Amino acid sequence: MDKSEIMLLCASPRRKGTSTMLLERIQAVTGSEVVFLPQKDSLHELVLVMQQAATIVISGPCYINTYPARLIELLEAAALAGGFSGQKLYGIINGGMPYIHTHQHGLTCLQLFAEQNHLSWQGGFVLGCGAMLDGKPLEKHMNRKTVVPAFDQFIRHIAAGTPSPSCLYEQAQSPPGKIMTQVFAKLLTFLVEKSIKKHGHDPKAANWYLREQE
Ligand SMILES: Cc1cc2nc3c(=O)[nH]c(=O)nc-3n(C[C@H](O)[C@H](O)[C@H](O)COP(=O)(O)O)c2cc1C
């Protein structure tokens, strides 16, 4: 990779999901290649590519309020290897929940990695309701009117190499109100219980880890 190039790294194990779709939207402007985080093989090659890039854009899903463990493993391998000198780093995290604060930790994690390893943190984009898209275009997002222009502005920041402020994604998405949250929570509980029953278990049974050991 040429030192002037932009590396687009997908941290989702799902190659046709929302993380990839967002990178492909950037790719349409910057022309860069999308690289997928290997789920089994060594991370060494990927660290070398990161060291060579001028700009790194990482897009991944929110798994239990932050990025998947495999990405954290990559960041640890990269920190151990060292060799970074001012590479610009942008992050994107998308989660199923229609909130921003529950996914925000992913970006904080990237910011800390950048600050401690001589990369230059340029900000990121948090997207709620990413699961509903499931890889479909951003134009299908429930907040499309504000999210599409905000994300396109984020892409312009990447192309220009300028920092992207958090207000860009914060102002583009408003969380559902109390009543909608109640309805949403009940619907999700119903779906989870249905799935548990379908697999032959009792959703009301005590958690396996919390049961007293006989
Ligand atoms: C193991 C696992 C954990 C998840 N944890 C969260 C979570 O904590 N919060 C959330 O909003 N979504 C969570 N999700 C949903 C994903 O973030 C969501 O489906 C996302 O759009 C997947 O992105 P992708 O299509 O790029 O893989 C989780 C999904 C999986 C499989």
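The lysines whose alpha-carbon is closer than 23 Å to the alpha-carbon of K16, local same-chain residues fewer than 8 away aside, are K40, K136, K140.
Residues whose amide H lies under 5 Å from that of I92, counting only those 5 or more places away or on a different chain, are I58, S59, G60, F125; hydrogens are built 1.01 Å from N in the peptide plane.
Of the residues Y67, Y99, the one with the fewest other Cβ atoms within 10 Å heads the list, and the complete ranking is Y99, Y67. Amide hydrogen proximity for M97: with H placed 1.01 Å from N in the peptide plane, the residues at 5 or more positions away or on another chain lying under 5 Å are C129. Note on R156 and A81: their simple-model spin labels are 3.4 nm apart, each label 7 Å out from Cα toward Cβ.
Straight-line cross-link partners of K198 among the lysines, defined as a Cα under 24 Å from its Cα and at least 8 positions apart when in the same chain: K186.
E212 to M132: extension gain in nm, 0.36 nm per residue of separation minus the Cα-Cα distance?
Details: separation 80, 0.36 × 80 = 28.80 nm, distance 3.82 nm.
Here the answer is 25.0 nm.
Its Cα gyration tensor gives the stretch 156-195 an equivalent ellipsoid; the semi-axes, largest first and in whole Å, are 36, 14, 5. Couplings 3J(HN,Hα) of the stretch 44-50, computed from phi: 4, 4, 5, 4, 4, 5, 4 Hz, in residue order, whole Hz [Karplus 6.51 cos²θ - 1.76 cosθ + 1.60, θ = phi - 60°; x for Gly and Pro]. Per-residue Cβ neighbour counts within 10 Å put M50, M21, M132 in the sequence M132, M21, M50, beginning with the fewest. Restricting the calculation to Cα atoms, every distinct pair contributes to the Kirkwood radius of the chain, found to be 18.4 Å. Summing charges over all other residues whose Cβ lies under 13 Å from the Cβ of A81, with Lys and Arg as +1 and Asp and Glu as -1, gives -3.
Only DSSP H runs of four or more residues enter the estimate; each adds -39500 (n - 2.57), and after division by the residues of the chain the mean residue ellipticity at 222 nm equals -13500 deg cm²/dmol.
Taking 0.36 nm per residue of sequence separation and subtracting the Cα-Cα distance, how much length would be gained by fully extending the chain between N65 and F184, in nm to one decimal?
On the way: separation 119, 0.36 × 119 = 42.84 nm, distance 1.82 nm.
Gain in length upon complete extension: 41.0 nm.
Averaging Cα coordinates gives a centre for the stretch 172-193 and one for the stretch 1-68; these two points are 31 Å apart. Computed 3J(HN,Hα) for the stretch 167-184, one whole-Hz value per residue from the Karplus formula 6.51 cos²θ - 1.76 cosθ + 1.60 where θ = phi - 60°, is 4, 4, 8, 5, 6, 7, 10, 10, x, x, x, 4, 5, 4, 4, 4, 4, 4, glycine and proline marked x. By the beta-carbon count within 10 Å of each Cβ, the least crowded to most crowded order of C129, C10, fewest first, is C129, C10.
Every read-out reported here was derived from the displayed coordinates using simple, explicitly stated rules and does not represent laboratory data. Model, not experiment: these values are computed from the prediction. So basically every Cβ, Gly included, is an ideal-geometry build from the backbone, and we count neighbours across all protein chains shown.
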